[in-house]
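The values are calculated or read from the model by the stated rules, or taken from the named source; none is laboratory data. Here the structure is a predicted model, which means the values were calculated and not measured. Every residue, glycine among them, receives a Cβ derived from its backbone with ideal geometry; neighbour counts consider all protein chains shown.
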Amino acid sequence: MINIFKTGSFPFLICYHRNIRSVFIHDKNGRIKMRETRYKKVWNLNNLFPCGSGPSSFDNYVKQLEMEITELEEKINLFDNLIEINESLGVKSVLKHIGKIWKKLSQANSFITCLSAQNTKDQDAVVLKEITSFMSAHFESVINKFQYIILETEEEHWTEIIEIKALTEYKFILTEWREKGKLLLPENEERLISDLMMDGYHAWRQFYNSLIGKIKINIPFEEEVRELSVGQAFNLRSHSNECIRKAAHHALEESLQKEEDLFAQILNHIAGFRLQVYKNKNLPHILTESLMKNHLKRIISHCFVIQEVCPQKI
């Protein structure tokens, strides 16, 4: 929908499209002088999947995604090396399949995050999160299986395969997976870690999110006290009004300190799980895996602090 208004000498155009409103202000020559895009403060998730977290097309989306992961796993399990895969299915075909699943799984998790954000008491969203967490663990084990195959490929054959013209755009990810494969434990141990993460690492993270979702923050806002979620209160810390920023900050600190013991336990268990995994993998440093995933290198610098000693007055 398009509306044209005029104020003073300059007309301005307002365009509405679903949850987006764009304002175009023109000068006297008809040229666009300023553009401002505003988004509604609420969303309608039914535009994506009807019925939200209830029985809907999202259920079918999840079931289809689970079938695709199983199908990919069955394909990879048929082969022992990269040459067999390339001759039968084509490495490019497998990588495209992986990319497709990765994208769909990311979209599913984002949708569930939105469901939880709009209603922190939505138990159906909690169930869906558990389902997608299981799928993510399953998918990760499939990726690991493919990484083992990459790692076990002899250097001579490996060089031939990644230099194939059809794999030019995948050379970076294949090389990266071969390097990451060197950090993996034996396949059965990696599968065990992935299974334990469901009721360990991921469970503690979900418990943390649930606890955050139950906390309400009371903040004085424009001559009234509003009850906000933690996320809404955090947003107010970047408000244009300094008084509101300060009020939001102090209210957050006061509310979160009441649960500081629980938060400390949760975060220690999350960190503890990771540290035990790194210990069993014999990683040289706790940041090794994280740095590799983010394409960073650890640089050790020796800093010397020179303290200036001022002569004492006598």
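Quick grid of which residues meet (1) exposed (fewer than 12 other Cβ atoms within 10 Å of the Cβ); (2) more than 19 Å from the chain's Cα centre (by Cα); (3) not basic (Lys, Arg):
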| position | (1), (2), (3) |
| --- | --- |
| ASP199 | yes, yes, yes |
| GLN206 | no, no, yes |
| PRO220 | no, yes, yes |
| GLN257 | yes, yes, yes |
| ALA271 | no, no, yes |
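Within segment 231-241, not a single residue is of a type in the set (Ser, Thr, Tyr) and buried (at least 16 other Cβ atoms within 10 Å of the Cβ). When THR175, THR168 are screened for being of a type in the set (Val, Ile, Thr) and over 18 Å from VAL142 (Cα atoms), only THR168 passes. Just one of the listed residues (ASN60, ASN86, ASN46) is modelled with pLDDT under 90, outside the structural domain of THR175 (by TED's automatic domain parsing) and assigned to a helix (DSSP H, G or I), and it is ASN46.
GLU73 fulfils the conditions (1) loosely packed, with under 12 Cβ neighbours inside 10 Å; (2) at pLDDT 80 or above except for a single criterion, (1).
In this structure, ILE150 qualifies as more than 23 Å from GLN107 (Cα to Cα), aliphatic (A, V, I, L, M) and in contact (Cβ under 8 Å) with a residue 24 or more places away in the chain. Of the residues examined, THR132 is one that is assigned by TED's automatic domain parsing to the domain that holds ILE150, closer than 22 Å to GLU71 by Cα and in a helix (DSSP H, G or I).
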